[in-house]
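Peer 1: There's a structure below that I have some questions on.
Values quoted throughout were computed directly from the atomic coordinates according to the rules given, and no laboratory measurement underlies them. Just so we're clear, the structure is a prediction, and the values are computed from it rather than from any experiment. Cβ placement follows ideal geometry from the backbone for every residue including glycine, while neighbour counts extend to all protein chains displayed.
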Amino acid sequence: MAISVSLVVMLAAAVWLLHRYSALKLWHGLVCILFGFFLATSSLAPEIRTTVTAIVRALTGQG
C-alpha cells in the first residue's frame, strides 16, 4: 500500500509539473485520468501492478 500511495503522489506531481511547465491542457489530463481509471478495471491491471511492483523493488533494492 505504501508503494502505491507514494507512486500516486509522484505521478500526480508529474502531471502538475507537465500542466504548469509543458503546456499540458486540462482535457489532456482528464483523458489520462479516464484512461488510467478504465485500465485499472481491465484484465491487464494485475499484470501492470506486478510489473510496476517489480520495477519499484528493483530500483529500491527491496527484492
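Peer 1: Search the structure for amide H atoms under 5 Å from the amide H of L24, placed 1.01 Å from N in the peptide plane, and list their residues when 5 or more places away or on another chain.
Peer 2: Amide H neighbours of L24: H19.
Peer 1: Which distance in nm do the two modelled labels at S22 and T50 give, with both placed 7 Å along the Cα-to-Cβ direction?
Peer 2: Roughly 3.0 nm, to one decimal.
Peer 1: Which ³J(HN,Hα) values in Hz, rounded to whole numbers, follow from the phi angles of segment 25-35 under the Karplus curve 6.51 cos²θ - 1.76 cosθ + 1.60, where θ = phi - 60° and Gly and Pro get x?
Peer 2: Each residue of segment 25-35 in turn: 6, 4, 5, 4, x, 5, 5, 5, 5, 5, 4 Hz.
Peer 1: While we're looking at this one, here's another question. Tell me which chymotrypsin sites (Phe, Trp or Tyr not before Pro) from the chain have a DSSP coil assignment and no more than 14 other beta carbons within 10 Å of their own.
Peer 2: Here no loop site has a sparse enough neighbourhood.
Peer 1: I need the trypsin sites (Lys or Arg not before Pro) found in the chain, filtered to DSSP loop residues with at most 10 other beta carbons within 10 Å of theirs.
Peer 2: K25
Peer 1: Distance in nm between label sites at L39 and A14, each 7 Å beyond Cα in the beta-carbon direction?
Peer 2: 0.9 nm
Peer 1: For the chain, what is the calculated [θ] at 222 nm in deg cm²/dmol (nearest 500), taking -39500 (n - 2.57) for each run of four or more DSSP H residues and dividing by its residue count?
Peer 2: Working: 3 runs with 51 residues, N = 63.
Computed ellipticity for the chain at 222 nm equals -27000 deg cm²/dmol.
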